[in-house]
Amino acid sequence: MSTAEDLFKKVTAHAKEYGFVFQSSEIYDGLGAVYDYGQNGVELKNNLKEYWWKSMVQIHENIVGIDAAIFMHPKVWKASGHVDGFSDPMIDNKDSKKRYRADQLLEEQIEKYQRKGKSDKAEQLQNELNKALNDNNLDALRDLIVGHEIACPLSGTRNWTEVRQFNLMFNTRMGSVADESDVVYLRPETAQGIFVNFLNVQKTGRMKIPFGIAQIGKAFRNEIIARQFIMRMREFEQMEMQFFVKPGTELDWFEEWKKTRLQWHLALGTPQEKYRYHAHEKLAHYANAAVDIEYEFPFGFREVEGIHSRTDFDLKQHQEFSGKKLQYFDPETNSSYIPYVIETSIGLDRLFLLTLCQSYREEIVGDGDQKDSRVVLSIPPALAPVKAAIFPLTKKDGLPEKAREIMDQLKRSFRCQYEEKDTIGKRYRRHDAIGTPFCITVDHETLAENSVTVRYRDSMEQQRVPVEQLSALIDSKVSLRNLLM
Ligand code: ATP
């Protein structure tokens, strides 16, 4: 395999070629940083959601799920701090007219220093960047960009504007009369839908602290720099869980969830060294501890999931702005309090990208005359879009009918695909490329003995298996049960 950059290009091309991800509105030249999931992508995405949902909601007796609306009362975003504070420091290059996130330009410069072995310089810049961000000092950010001679990658010039804050929320209007008071926002995170329903769920579900509320849903951010494919999108999906705890216990729970969530990632079989924790230097206004789980993408370690100790900030704010009490009555101590919250928040699309990057492999297989190459997605079988592909060896002698019969049996339990076109070898390659763990060939022996050849994706080994054992064999490998802790 060549460079990491090449690998990323190949992964993105593969994602399109095999129906995982398409650019939105492609026939109109696309819409920036908005993507559609194709026929295989949607299956993988649904499987990732199911893995998360089952791990969080089904396995934990004290976590329940909700599905809140995307639109919320505008006051929600005042209370949460998003109207006034959900912004990124942006800088424009006057020649290319391109806009960048000032902190990201500096982060990239730090990575550049590190790659060149200039670790002292990298460390110093990191400290200065942290200070500028902590102090909200936009001039200092600009001075760093200028001082470190950072040029616009497009124009190559250092002709920069001032650094300005740019709010990331999309807004629209509700109802037919245009009036300032009708402005509603597309939610930039799913978390607030959980906070405003805290008491609804606690009371109707008779939940006792500690307990959690989980949600999967779309979020929208008007990201300025949209790069790296589905890494940073304007419309994306989050899987969030807010865990409500007794004040004073939050840091213990924070540690607990930090461990649990990393284990969840590792259960998919990704090597430990591909992950790392990154503790936040600059804490958000609502947090008293925060850590990211980062994965090593081909372009470097990047955040996939955030775990935040959000204190009682959100519930307190909503209590104040709504005038409604948002307290928990503790029957053990006969007293009421506003719970503290630990949040786990993972981007589904980033997890999807991670899965593609981690599973994409190019291999030379066979030798001599049989030498061939293949691209295989070794996606964990439980997540694979198609679990089994069923091939009649030829299109005659009753083999298609027998293959269809097997397909009909299996498709009620697993997502299967029937294919009779091309050689078996070509059919194998097509399914390697989308990560199908089992290819099942129906041949003349099948008619005589009711057995099939099962070919395994990763080892490419073949095994003769009685038809009546197929379902149990597939189930033993593709069931999410294997992953749930
Ligand atoms: P980043 O620093 O990368 O912008 P963030 O710290 O703003 O991310 P959070 O607000 O903590 O992200 O959101 C939780 C998760 O949502 C992130 O870990 C990430 O996986 C995902 N996420 C956030 N923004 C985007 C986006 N624009 N596109 C895709 N996923 C995103």
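The values are calculated or read from the model by the stated rules, or taken from the named source; none is laboratory data. For clarity, every value in this text was computed on a predicted model and none was experimentally measured. Note that we place each Cβ from the backbone using ideal geometry, even for glycine, and neighbour counts take in every protein chain shown. The area values use the complete protein model at the heavy-atom level, side chains included, leaving out ligands, DNA and RNA. Shrake-Rupley method; radii C 1.70, N 1.55, O 1.52, S 1.80 Å.
See the values below:
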| item | result |
| --- | --- |
| Sole exception among (1) closer than 17 Å to Ser345 by Cα; (2) within 12 Å of the ligand (Cβ to nearest atom); (3) not in a helix (DSSP H, G or I) for Arg227, by number | (1) |
| Wholly within segment 79-153, helices (runs of 4 or more DSSP H) carrying at least 1 residues that are crowded, with 20+ Cβ neighbours inside 10 Å | 102-115, 119-134, 138-147 |
| Cβ pairs under 6 Å, 6+ apart, first in segment 242-271 and over 23 Å from Leu383 (Cα atoms) and in the same structural domain as Ser309 (by TED's automatic domain parsing), second assigned to a helix (DSSP H, G or I) and of a type outside the set (Phe, Trp, Tyr) | Gln242/Ile194 |
| Criterion (closer than 20 Å to Phe313 by Cβ, at pLDDT 95 or above and within 9 Å of the ligand (Cβ to nearest atom)) met by exactly one of Ala214, Ala219 | Ala219 |
| Looking only at segment 245-268, and only at residues there that are outside any helix (DSSP H, G or I), open to solvent by less than 60 Å² (accessible area, probe 1.4 Å) and out of contact with any strand residue (DSSP E or B) (no Cβ under 6 Å at 6 or more places or on another chain), the one that is nearest to the ligand (Cβ to nearest atom) | Leu268 |
| Condition broken by Phe329, with the remaining ones in (1) of a type in the set (A, V, I, L, M, F, W, C); (2) surrounded by 14 or more Cβ atoms within 10 Å (Cβ to Cβ); (3) in a strand (DSSP E or B); (4) more than 10 Å from the ligand (Cβ to nearest atom) satisfied | (2) |
| Selected residue (criterion: surrounded by the most Cβ atoms within 10 Å (Cβ to Cβ)) from residues of segment 14-43 that are within 16 Å of the ligand (Cβ to nearest atom) and part of a helix (DSSP H, G or I) | Ala15 |
| Any pair with Cβ under 6 angstrom, 6 or more apart, that starts in segment 410-425 at a residue that is of a type in the set (Asp, Glu) and ends at one that is exposed (fewer than 12 other Cβ atoms within 10 Å of the Cβ) and in a loop (DSSP other than H, G, I, E, B) | Glu420/Lys395 |
| Cross-chain or 6+ apart pairs with Cβ under 9 Å, segment 5-26 first and within 16 Å of Val42 (Cβ to Cβ), then of a type in the set (Lys, Arg) and open to solvent by 70 Å² or more (accessible area, probe 1.4 Å) | Tyr18/Arg430; Phe22/Lys16; Gln23/Lys16 |
| Ile307, sole failed condition from (1) open to solvent by 10 Å² or more (accessible area, probe 1.4 Å); (2) of a type in the set (Val, Ile, Thr); (3) under 30 Å from Val478 (Cβ atoms) | (1) |
| Residues located in segment 310-326, provided they are open to solvent by 20 Å² or more (accessible area, probe 1.4 Å) and within 16 Å of the ligand (Cβ to nearest atom) | Thr311, Phe313 |
| Cβ-Cβ under 8 Å pairs, at least 6 apart or on other chains, segment 340-352 side touching a residue at least 40 places away in the same chain (Cβ under 8 Å) and within 6 Å of the ligand (Cβ to nearest atom), far side assigned to a helix (DSSP H, G or I) and open to solvent by less than 10 Å² (accessible area, probe 1.4 Å) | Ser345/Ala191; Ile346/Trp52; Ile346/Arg261; Asp349/Ile230; Arg350/Ile230 |
| Matching entry among Arg404, Arg412, Arg455, Arg429 (being outside the structural domain of Ala13 (by TED's automatic domain parsing), at pLDDT 95 or above and more than 30 Å from Ala15 (Cβ to Cβ)) | Arg404 |
| Number of the exception - Lys396 against (1) part of a strand (DSSP E or B); (2) basic (Lys, Arg); (3) open to solvent by 10 Å² or more (accessible area, probe 1.4 Å) | (1) |
| Which listed residue, of Thr355, Thr436, Thr344, is crowded, with 18+ Cβ neighbours inside 10 Å, in a helix (DSSP H, G or I) and not acidic (Asp, Glu) | Thr355 |
| Every residue from segment 276-300 that is part of a strand (DSSP E or B), away from the ligand (no atom under 11 Å from the Cβ), among the aromatic types (Phe, Trp, Tyr) and surrounded by 16 or more Cβ atoms within 10 Å (Cβ to Cβ) | Phe297 |
| Condition met for Tyr295 (at pLDDT 95 or above and within 29 Å of Ile209 (Cβ to Cβ)) | no |
| Matching entry among Gln192, Gln242, Gln202 (being polar (S, T, N, Q) and more than 18 Å from Tyr337 (Cβ to Cβ)) | Gln192 |
| Residue within segment 76-91 that is polar (S, T, N, Q), without any contact (Cβ under 8 Å) to a residue 60 or more places away in the chain and more than 18 Å from Gln319 (Cβ to Cβ) present | no |
